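Peer 1: Can you keep this structure in mind? I'll have questions shortly.
The values are calculated or read from the model by the stated rules, or taken from the named source; none is laboratory data. Since this is a predicted model, take the numbers as computed values, not measurements. Neighbour counts are summed over all protein chains in view; Cβ atoms, including those assigned to glycine, are modelled from backbone coordinates with ideal geometry. When the accessible area is computed, the model is the full protein with side chains, heavy atoms only, and any ligands, DNA or RNA have been set aside. Shrake-Rupley method; radii C 1.70, N 1.55, O 1.52, S 1.80 Å.
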Amino acid sequence: MPTYARADLAFERGEGVYLFTADGRRYLDFAAGVAVNALGHCHPRLVKALTEQAGRVWHTSNLYRVPGQEKVAARLVERTFADTVFFCNSGAEALECSIKMARRFHYVAGNPRRTRIICAEGAFHGRTLATVAAGGQKKHMEGFAPVVEGFDHVPFGNLNALRAAITEETAAILVEPVQGEGGIVPGDPDYLRRLRATADEFGLLLIFDEVQTGMGRTGTLFAHQQAGVAPDIMGVAKGLGGGFPVGACLATEKAASGMVAGTHGSTFGGNPLAMAVAGEVLSVMDEPGFLEHVQAMGVLLRARVEETAARFPGVVDEVRGLGLMLGFKPRMPNTEMVARLAGGGLLTVGAGDNIVRLLPPLIIDENHVDEAVGILARVFDEVK
Ligand SMILES: *Cc1c(COP(=O)(O)O)cnc(C)c1O
């Protein structure tokens, strides 16, 4: 179905930070499948993990124990606030699980009227009926009525508005620590900490959507860890499988207390192929220095993009972001800038607020930064 405004580009092969078309053109991939290819393309360790698993067993369903799930869950639990994990196949499903869990928590606690979730304006949580309602973007809901009930929206970053929206029916607060699709809008660490305090004050669950910010993207395994605050529930996907479709919903034992056998499920969720790859992604990210490298590259890329933007003040208004989740705001439509950069050999992604996102694989080095900035400078010079 023509549901995408696709660029007329098709890739035959990927290697590290590069993608290649069938006619041999090479692209520096700072889109990374929209923050998915965290370890670049065809990382040898991921290829090995996937192909080895493919020769053993692909799928058994959740009728049985899946040892890979137990291993990946143990790893995620060890590295986060969470005690328990549900595996699914996408970000939207991770958020569906989060939403269901929050409602169910209050239901089993004897508060069945506490069903509503306070979300942020400009949010993005996926394209299912519940997650478009949580995102609250009119353009994603138009023509798909009736809208799933139970989501209230307040401006992102405004704690007073959020507190004023709390009623006796409120179950949870749901935000992205850095809004991604909305246009790379980092939540202030102090705001994130106050969300925690507010949730505690009113007995609400705090849900972080780390589908885009998670898995090292912002320089820590999860973005909220930089603010020194922990949610009760968290949705993860995108980078988790490094390109293999997999999602996860992490939670504390308490938040998940209503999720007993039969309350939720997925045929494919956490299948052995997905778990083999996700386990290896986590192993690579666990290596000493991996996240420090992301931090260093984030600082370098940002500084170089800012410097380049400053040389072309008529072209770019602003650079913002966290770690390797960066965005800049061109004066021209972002779609045109993305197309021009692709023409120059650099893949980027548009976002809300006319932002062009730079979401490179986390394994980039200084040469890739040089190359990307060189292409930015050429294109900025062309359009200035
Ligand atoms: C991409 C994204 C989603 C949706 O993930 P899908 O895998 O496309 O369903 C949800 N939340 C955030 C923050 C995202 O960036």
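Peer 1: Find which of 195, 120, 108 sits farthest along the positive direction of the dipole of the stretch 46-285, computed with +1 on the beta-carbon of Lys and Arg, -1 on that of Asp and Glu, about the Cα centre.
Peer 2: Among 195, 120, 108, the one farthest towards the positive end of the dipole of the stretch 46-285 is 108.
Peer 1: For the residue pair residue 160 and residue 138, what label-to-label distance in nm results when each label sits 7 Å from Cα along the Cα-to-beta-carbon direction?
Peer 2: 2.6 nm
Peer 1: Right, another one. Compute log10 of I(q)/I(0) for the stretch 135-189 with the Debye formula, placing one identical point scatterer on every Cα and leaving out solvent, at q = 0.17, 0.26 Å⁻¹, to two decimals.
Peer 2: Here the Debye-derived log intensity ratios amount to -0.69, -1.19.
Peer 1: Applying 1/(1 + (r/R0)^6) with R0 = 35 Å to the Cβ-Cβ distance of residue 12 and residue 290, what FRET efficiency is obtained, to the nearest 0.05? Don't skip to the end; give the middle numbers.
Peer 2: Numbers: r = 29 Å, r/R0 = 0.83.
Between residue 12 and residue 290 the formula returns 0.75.
Peer 1: What ranking do 252-260, 127-135 get when scored by the average of other Cβ atoms within 10 Å per residue, highest first?
Peer 2: Numbers: 252-260: 16.7, 127-135: 21.6.
Going from most to least packed, we get 127-135, 252-260.
Peer 1: Something else: Which order do peptides 161-172, 87-98, 314-325 fall in by mean Cβ count within 10 Å, highest first?
Peer 2: 87-98, 314-325, 161-172
Peer 1: Right, next: Compute the helix-to-body angle for 189-202: its Cα long axis versus the longest principal axis of the chain, expressed 0 to 90° and rounded to tens.
Peer 2: 10 degrees
Peer 1: A further question follows. Calculated from DSSP H runs of 4 or more alone, at -39500 (n - 2.57) each and per residue, what is the 222 nm mean residue ellipticity of the chain, nearest 500?
Peer 2: Numbers: 12 runs with 143 residues, N = 384.
My calculation for the chain gives -11500 deg cm²/dmol from helical runs alone.
Peer 1: For the stretch 46-285, report the translational diffusion coefficient in µm²/s to the nearest whole number, using Stokes-Einstein at 4 °C, 1.567 mPa s, and a Kirkwood Rh over Cα pairs.
Peer 2: 72 µm²/s
Peer 1: Let me ask another. Would you mind working out the magnitude of the charge dipole of the chain relative to its Cα centre, with +1 at each Lys and Arg C-beta and -1 at each Asp and Glu C-beta, to the nearest 20 Debye? The partial results should precede the final answer.
Peer 2: Numbers: 37 positive and 43 negative charges, 107 e Å.
Result for the chain is approximately 520 debye, rounded to the nearest 20.
Peer 1: Right, something else. Per residue, how much accessible surface does the chain expose to a 1.4 Å probe? Answer in Å², no decimals. If you can, show how the numbers build up before the last one.
Peer 2: Details: 16860 Å² over 384 residues.
Result: 44 Å² of accessible area for each residue.
Peer 1: Taking the simple approach of a point 7 Å from Cα along Cα-to-Cβ for both residue 63 and residue 78, what is their distance in nm?
Peer 2: Roughly 3.2 nm, to one decimal.
Peer 1: OK, next. Along Cα→Cβ, 7 Å out, is where each label goes; now give me the distance between the ones at residue 109 and residue 300 in nm to one decimal.
Peer 2: 4.6 nm
Peer 1: Looking only at the chain, where both bridge partners belong to it, what percent of the DSSP beta bridges are antiparallel (to the nearest 5)?
Peer 2: Details: 31 of 49 bridges.
If I count the DSSP bridges inside the chain, around 65 percent turn out antiparallel.
Peer 1: Once the dipole of the chain is set up with Lys and Arg at +1 and Asp and Glu at -1 on Cβ about the Cα centre, which of 379, 296, 99 lies farthest towards its positive end?
Peer 2: The residue sitting most towards the positive pole is 99.
Peer 1: OK, next. Please flag any cysteine in the chain that has no other cysteine's Cβ under 4.7 angstrom from its own Cβ.
Peer 2: Within the chain, the cysteines lacking a partner Cβ under 4.7 Å are 42, 88, 119.
Peer 1: Highest mean first, how do 302-308, 222-228, 141-147 rank when packing is the count of other Cβ atoms within 10 Å averaged over residues? Could you put the intermediate results ahead of the total?
Peer 2: Values: 302-308: 17.4, 222-228: 20.9, 141-147: 9.7.
Put in order of decreasing packing, that is 222-228, 302-308, 141-147.
Peer 1: So which lysines can residue 71 reach, going by Cα to Cα under 26 Å and dropping same-chain residues fewer than 8 places off?
Peer 2: Result set, ordered by chain and number: 48, 100, 238, 254.
Peer 1: Return a whole-number percent for the relative contact order of the chain, with Cα pairs under 8 Å and 6 or more residues apart as the contact set. Intermediate values should be presented prior to the final figure.
Peer 2: Values: 787 pairs, mean separation 87.0, N = 384.
Dividing the mean separation by the residue count of the chain yields 23 percent.
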